[in-house]
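Each remark here refers to the structure printed beneath this line.
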């Protein structure tokens, strides 16, 4: 190999290795973090799901392979379009109207009109705390809709993006990715 080739390979290796480092966490001013903290502590906001992230299973893969999912969707990431898929926190009451994609662990009732994740109640063990390492707030609570118990966790970022994961006593867990809004914006 020629000297120029060796130098070129060394430069490319340094550039490739230099770009492999993890990115810096987003920097927010103290005023932005305080405003976001106030936004969350007021307990008057809505999480609007844009993507559903079910745990991919053999059944979901079969549906995806049959072409039954919307364009741009995969078995592990389903586009929810502009439909009204929300988790609303309004004071001490939390209301959810989210779709469900995945497999049930236990048989459901006879009401086939209510197949999504729906609840409207006061949660148990509601916590929200700042996670300095992730530069975000984490929320957790347990809630019951009369037939199912849900363990809900969420990660909320100051840029108003959010991730919510719901674990159920009767179904596989499912995650959602979306944005936070005030109830007035909804």
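May I ask you to list the residues in segment 141-180 that are more than 13 Å from the chain's Cα centre (by Cα) and either closer than 25 Å to residue 27 by Cβ or assigned to a strand (DSSP E or B) (or both)?
Of everything in segment 141-180, those that are more than 13 Å from the chain's Cα centre (by Cα) and either closer than 25 Å to residue 27 by Cβ or assigned to a strand (DSSP E or B) (or both) turn out to be 141, 142, 143, 144, 149, 150, 151, 158, 159, 168, 171.
Which one of these does residue 129 not meet: (1) over 17 Å from residue 86 (Cα atoms); (2) touching a helix residue (DSSP H, G or I) at 6+ places or on another chain (Cβ under 9 Å)?
(2)
Those residues that are surrounded by fewer than 19 Cβ atoms within 10 Å (Cβ to Cβ) and either under 22 Å from residue 40 (Cβ atoms) or in contact with a helix residue (DSSP H, G or I) (Cβ under 7 Å, 6 or more places away or on another chain) (or both), I need them from segment 164-174; list them, please.
Of everything in segment 164-174, those that are surrounded by fewer than 19 Cβ atoms within 10 Å (Cβ to Cβ) and either under 22 Å from residue 40 (Cβ atoms) or in contact with a helix residue (DSSP H, G or I) (Cβ under 7 Å, 6 or more places away or on another chain) (or both) turn out to be 165, 167.
Mind counting the residues in segment 175-186 that are farther than 19 Å from residue 53 by Cβ and surrounded by 15 or more Cβ atoms within 10 Å (Cβ to Cβ)?
Residues meeting the conditions: 1.
Read the figures in this text as sums done on the coordinates, not as results from a lab. If you're wondering where the values come from, they're calculated on a predicted model, not measured in any experiment. Please note: Cβ atoms are built from the backbone with ideal geometry, for glycine as well, and neighbour counts cover all protein chains shown.
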